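Visitor: Questions regarding the structure given below will be posed in turn.
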Amino acid sequence: MSAAGWFQLLLLVVALTATVPLLGRYLALVYGLRNDGSAPGDRIFGPIERLIYRVLRVDPRREQRWNVYAISLLAFSVVSFLAVYAIQRSQGWLPLNPTGVEGVAPYGAFNAAVSFMTNTNWQWYSGEVAMSHLTQMLGFTVQSFVSAAAGMAVVVALIRGIARRRRNTLGNFWVDLVRTTVRVLLPLSFVVALLLVSQGVVQNLRGATEVRPLDQTAQEVQSIPGGPAASQVAIKQLGTNGGGFFNANSAHPFENPNGWTNLVETYTILVIPLALVVAYGHLVGSRRQARVLLAVMVVIWLAMAVLATFAEQGGNPELTALGVDQSQSLTQSGGNLEGKDIRFGPASCGLWAASTTGTSNGSVNCMHDSFTPLGGLVPMAHMMLGEVSPGGVGVGLMGILVYALLAVFIAGLMVGRTPEYLGKKIQAAEMKLVVLYLIAMPLGLLAFAAASVLLDSAKASILNPGAHGLSEVLYNYASAANNNGSAFGGMSTGTDWYTLTQGVSMLVGRFLLIIPALAIAGSLVRKQRVPVTAGTFPTDSTLFAGLLLGVVLIVAGLTFFPALALGPIVEYLSL
C-alpha cells in the first residue's frame, strides 16, 4: 500500500477511535441505559416525540412482545413500500419534477420500492435521469432514514432480550423507531449535509443547467444535473443505505468532490455500526463483551481493506505483460486505474470497497466491476460473510450476535456442557432460529443466481462471458440478498427478470433474518440468568474472539466457496 493509502487509513482509524466511544455512550442513553427512561436532549426532542406519538396514537409506555414488535415492523414496512411505489408510478403528475420525467414502470417501481424499504438501495436506474426531485426526497431520502431506524430498532430489541431476565417484552417498536430517527439520524445527517455542502456537494431544487462547453467539437450543449443531493448523501452514508442521487454514486464529483469529502463519507459509513457495539456493551453491563465483538469486526474489515487495496495497487498483470506503463519491474506505476477516479486512486477505492461491503451501505467511489479478479473477490466475499464487519446500522450487530450464539453453542458441544451467553442458556429453540437465520441469505443469493445462469432469458442480460459474467451475477445477488445495494455492473439488470427476482431476494435478506432474530430475543428475554461457574465458557476472552472469527469464516466458506471457485477465483487463475 502506498504512503498516501496508509495515511488515509490512519486518519480514518484515528477519527473512529476518537468518536465511536462517545457516540456509543450516547446511543446507549437514547435506548434506555438510565433506569428513569431519561436521555440527553429530552428538553429539545421530547416535545417532538410526544407529538409524533399522539399523531400515531401510540402509547410510548406500553411495551410489546417479540411477535407484536415484528408485526409492527412488518406493517410499517408494507406502508412504506406502498407509499414509495405510488410516488414512483405517479411522479410524472406530481410537483418538483423540473426535468419532466415520466412515471416508473411497474416492475421497476416494485424493485426500487422494495430496495429502499429494506435499506438495500439497489438502483437499476440512473437517478438524475429516471427520478424526479420529489421521488428522491419524499420517497428515497425519507426511506433512507426510517429503514435505517427500523434496523437499529431491531438490534436494540435483541439486546434487550439478552440483557433482561424473566420478562416478556422487548420494548416498543414505534418508540425505538421515532427515537432513532429524531435523536440520532436527523441531527447527525444535518451536520454531515452542511459539511458536504461547504465542500461543493450539490443541494438545490433546479433541474439540468444547459451550458456551452469550451470544446464544442463533441457537443454544442451540455446538461449539468442539479438537485437536493447533499441531504440524501448524508443519510445514505450514515444510515448505511448507499443509494446515490446520481448514477455514478460517490464517484460523481457532485456527490464526492474532493479527498476530504471522500474521507468524511468513508467515516460516516462506519461510525454508527461501530458505535452500536459500544452501546451494546453499556446496555448489557459488560464492555469486555463488546470489545470481543468489536475486535472480530475490525480484524475482518482491516484484512479486507488491505487485501483489496494491495490487489488494486498491484495493477493488471495482463497489462504488465504488454509493457504498459512499466515504470516498475512488476506493476503499473498507478495500479489498476480502470473504473477509478484519479482524484482517489486504488488506495481510496480499496478502503471504500471494504467499508461499503462490510456494511450494508452499497455506495461506491469507483466501479467494482473494473477491479482485478482478486480485488473483486474481496467485496464479494465480504458481503457473503453476512456483512458483520461491522455490518449495517443495527443489522450488523444483530448478525454478529447470532454468530456469537452459534459459536458458544459449538463451544458447549466441545466441552459437553449446556452453552450459555451472558448467563442465558442457549438451547434447541434458539439454535433452530439461528439456523433459519443463517440459511435465509444464501437461499436468496444462490437460488436466483443459479436460475440466472440457466435460463436463456436471464443469460441474455450477461454481457461478459465466462467466469467474469458469473462473478457479476453472484455479486449482484449477493448485494441484493445482503441488503447492500452496490453493483458489479457490466450486465443489464433493468429487465423484468432481474427487477423482480432481486426484489424478492432483498425481501428474503431483510425479513427472513429480522424475524428469526426477534424470535431469538423473545426466547432469551423470558429466561433467568444462571450463575457463572468454573465450567462456564468465557465469552469475553481472546479465545472466544478467535472461535467467533473462525465460525464466521467457516460458515461463509462452506456455503459460498464452490460458487466463488467458479467465478473470481477461476478468473484470477486464468490471468
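Visitor: Pairs under 6 Å by beta carbon, first residue free of Cβ contacts under 8 Å to residues at least 24 places away in the same chain in segment 213-228, partner small (Gly, Ala, Ser) and part of a loop (DSSP other than H, G, I, E, B), six or more apart or different chains?
Guide: From residues that are free of Cβ contacts under 8 Å to residues at least 24 places away in the same chain, the pairs are Ser223/Ala208.
Visitor: On to the next question. Within segment 399-446, how many residues are of a type in the set (Val, Ile, Thr) and free of Cβ contacts under 8 Å to residues at least 24 places away in the same chain?
Guide: Qualifying residue count, segment 399-446: 4.
Visitor: Would you be able to say whether some residue in segment 160-174 is buried (at least 23 other Cβ atoms within 10 Å of the Cβ), closer than 23 Å to Thr261 by Cβ and in contact (Cβ under 8 Å) with a residue 24 or more places away in the chain?
Guide: Within segment 160-174, none of the residues are buried (at least 23 other Cβ atoms within 10 Å of the Cβ), closer than 23 Å to Thr261 by Cβ and in contact (Cβ under 8 Å) with a residue 24 or more places away in the chain.
Let's see how each residue does on (1) assigned to a helix (DSSP H, G or I); (2) not polar (S, T, N, Q):
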{"site": "Gly509", "(1), (2)": "yes, yes"}
{"site": "Pro516", "(1), (2)": "yes, yes"}
{"site": "Ile520", "(1), (2)": "yes, yes"}
{"site": "Arg529", "(1), (2)": "no, yes"}
{"site": "Asp540", "(1), (2)": "no, yes"}
{"site": "Ala545", "(1), (2)": "yes, yes"}
{"site": "Leu549", "(1), (2)": "yes, yes"}
{"site": "Thr559", "(1), (2)": "yes, no"}
{"site": "Pro562", "(1), (2)": "yes, yes"}
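Visitor: Only one of Gly392, Gly350, Gly396 is farther than 30 Å from Gln289 by Cβ and in contact (Cβ under 8 Å) with a residue 12 or more places away in the chain. Can you tell me which?
Guide: From the options Gly392, Gly350, Gly396, the qualifying one is Gly350.
Visitor: Looking at this structure, is Asn111 modelled with pLDDT under 95 and buried (at least 23 other Cβ atoms within 10 Å of the Cβ)?
Guide: no
Visitor: Working carefully through the options Ser574, Ser523, Ser505, find the one that is farther than 30 Å from Ile71 by Cβ, among the hydroxyl-bearing types (Ser, Thr, Tyr) and touching a residue at least 24 places away in the same chain (Cβ under 8 Å).
Guide: After ruling out the rest, the residue left standing is Ser574.
Visitor: Looking at Leu263, Leu276, Leu293, Leu270, which one is surrounded by fewer than 20 Cβ atoms within 10 Å (Cβ to Cβ) and under 21 Å from Thr359 (Cβ atoms)?
Guide: Within the list Leu263, Leu276, Leu293, Leu270, the selection yields Leu263.
Visitor: Quick test of your reading of the structure: Asn361 fulfils all but one of (1) crowded, with 24+ Cβ neighbours inside 10 Å; (2) more than 16 Å from Asn476 (Cα to Cα); (3) of a type outside the set (Asp, Glu); (4) out of contact with any Phe, Trp or Tyr (no Cβ under 9 Å at 6 or more places or on another chain). Name the failing condition by number.
Guide: With (1) crowded, with 24+ Cβ neighbours inside 10 Å; (2) more than 16 Å from Asn476 (Cα to Cα); (3) of a type outside the set (Asp, Glu); (4) out of contact with any Phe, Trp or Tyr (no Cβ under 9 Å at 6 or more places or on another chain) applied to Asn361, the lone miss is (2).
Visitor: Within segment 469-502, which residues are more than 26 Å from Val393 (Cβ to Cβ), assigned to a loop (DSSP other than H, G, I, E, B) and among the hydroxyl-bearing types (Ser, Thr, Tyr)?
Guide: Selection gives Ser492, Thr495.
Visitor: Looking only at segment 197-247, which residues are aliphatic (A, V, I, L, M) and part of a loop (DSSP other than H, G, I, E, B)?
Guide: Val201, Val202, Leu205, Ala208, Leu214, Ala218, Val221, listed by residue number.
Visitor: Moving on. Does Val68 count as crowded, with 18+ Cβ neighbours inside 10 Å and either assigned to a helix (DSSP H, G or I) or modelled with pLDDT of 95 or more (or both)?
Guide: So Val68 does not fit the description; no.
Visitor: If you don't mind, another one. What helices (runs of 4 or more DSSP H), lying completely within segment 96-196, carry at least 3 residues that are more than 27 Å from Gln502 (Cβ to Cβ)?
Guide: Answer list for segment 96-196: 142-163, 173-179.
Visitor: I've got another one for you. State all residues of segment 524-541 that are surrounded by 12 or more Cβ atoms within 10 Å (Cβ to Cβ) and either under 14 Å from Leu422 (Cβ atoms) or at pLDDT below 85 (or both); if no residue qualifies, say none.
Guide: Those that are surrounded by 12 or more Cβ atoms within 10 Å (Cβ to Cβ) and either under 14 Å from Leu422 (Cβ atoms) or at pLDDT below 85 (or both): Leu524, Val525, Lys527, Arg529, Val530, Thr536, Phe537, Pro538, Thr539, Asp540, Ser541.
Visitor: Please determine whether any residue of segment 28-37 is of a type in the set (Lys, Arg), at pLDDT below 95 and either closer than 16 Å to Leu276 by Cα or more than 29 Å from the chain's Cα centre (by Cα) (or both).
Guide: yes
Visitor: Same structure again: All but one of (1) in contact (Cβ under 8 Å) with a residue 24 or more places away in the chain; (2) hydrophobic (A, V, I, L, M, F, W, C); (3) within 15 Å of Met131 (Cα to Cα) hold for Ala70, so report the exception by its number.
Guide: (3)
Visitor: Also, I was wondering about something else. Does Pro187 satisfy the condition of being at pLDDT below 95, surrounded by 11 or more Cβ atoms within 10 Å (Cβ to Cβ) and either of a type in the set (Asp, Glu) or over 25 Å from Asn97 (Cβ atoms) (or both)?
Guide: Taking the combined requirement at face value, the residue does not satisfy it.
Matching residues to (1) surrounded by 22 or more Cβ atoms within 10 Å (Cβ to Cβ); (2) in contact with a helix residue (DSSP H, G or I) (Cβ under 7 Å, 6 or more places away or on another chain); (3) over 21 Å from Thr268 (Cα atoms):
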| site | (1), (2), (3) |
| --- | --- |
| Pro373 | no, yes, yes |
| Gly386 | yes, yes, no |
| Ser389 | yes, yes, no |
| Gly396 | yes, yes, no |
| Ala404 | yes, yes, yes |
| Ala407 | yes, yes, yes |
| Val415 | no, no, yes |
| Pro419 | yes, yes, yes |
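Listed here are the residues, each with its yes/no results for (1) without any contact (Cβ under 8 Å) to a residue 12 or more places away in the chain; (2) of a type outside the set (A, V, I, L, M, F, W, C); (3) part of a helix (DSSP H, G or I).
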residue: Leu16; (1), (2), (3): no, no, yes
residue: Leu33; (1), (2), (3): no, no, no
residue: Gly37; (1), (2), (3): yes, yes, no
residue: Phe45; (1), (2), (3): no, no, yes
residue: Glu49; (1), (2), (3): no, yes, yes
residue: Tyr53; (1), (2), (3): no, yes, yes
residue: Arg62; (1), (2), (3): no, yes, no
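Visitor: Take Leu454 and tell me if it is part of a loop (DSSP other than H, G, I, E, B), hydrophobic (A, V, I, L, M, F, W, C), over 30 Å from Tyr267 (Cα atoms) and modelled with pLDDT under 95.
Guide: It is true that Leu454 is part of a loop (DSSP other than H, G, I, E, B), hydrophobic (A, V, I, L, M, F, W, C), over 30 Å from Tyr267 (Cα atoms) and modelled with pLDDT under 95.
Visitor: Looking at Gly127, Gly92, can you tell me which residue is of a type in the set (Gly, Ala, Ser) and closer than 19 Å to Ala480 by Cα?
Guide: Gly127
Visitor: Please pick out the residue among Ala157, Ala150 that is closer than 15 Å to Leu507 by Cβ, touching a helix residue (DSSP H, G or I) at 6+ places or on another chain (Cβ under 9 Å) and touching a residue at least 40 places away in the same chain (Cβ under 8 Å).
Guide: Testing whether each residue is closer than 15 Å to Leu507 by Cβ, touching a helix residue (DSSP H, G or I) at 6+ places or on another chain (Cβ under 9 Å) and touching a residue at least 40 places away in the same chain (Cβ under 8 Å) leaves just Ala150.
Visitor: Out of curiosity, is Phe81 of a type in the set (Phe, Trp, Tyr) and in contact (Cβ under 8 Å) with a residue 40 or more places away in the chain?
Guide: For Phe81, the condition - of a type in the set (Phe, Trp, Tyr) and in contact (Cβ under 8 Å) with a residue 40 or more places away in the chain - is not met.
Visitor: Just to verify a result, which residue in segment 397-451, among those that are of a type in the set (Ser, Thr, Tyr) and assigned to a helix (DSSP H, G or I), is farthest from Ala275 (Cα to Cα)?
Guide: Tyr437
Visitor: For segment 245-253, indicate whether the set of residues that are under 30 Å from Arg291 (Cα atoms) and of a type outside the set (Lys, Arg) is non-empty.
Guide: No, every residue in segment 245-253 fails to be under 30 Å from Arg291 (Cα atoms) and of a type outside the set (Lys, Arg).
The values are calculated or read from the model by the stated rules, or taken from the named source; none is laboratory data. Remember, predicted model here, so these are calculated numbers, not experimental data. Using ideal geometry, Cβ is built from the backbone for each residue, glycine included, and neighbour counts are taken over all protein chains shown.
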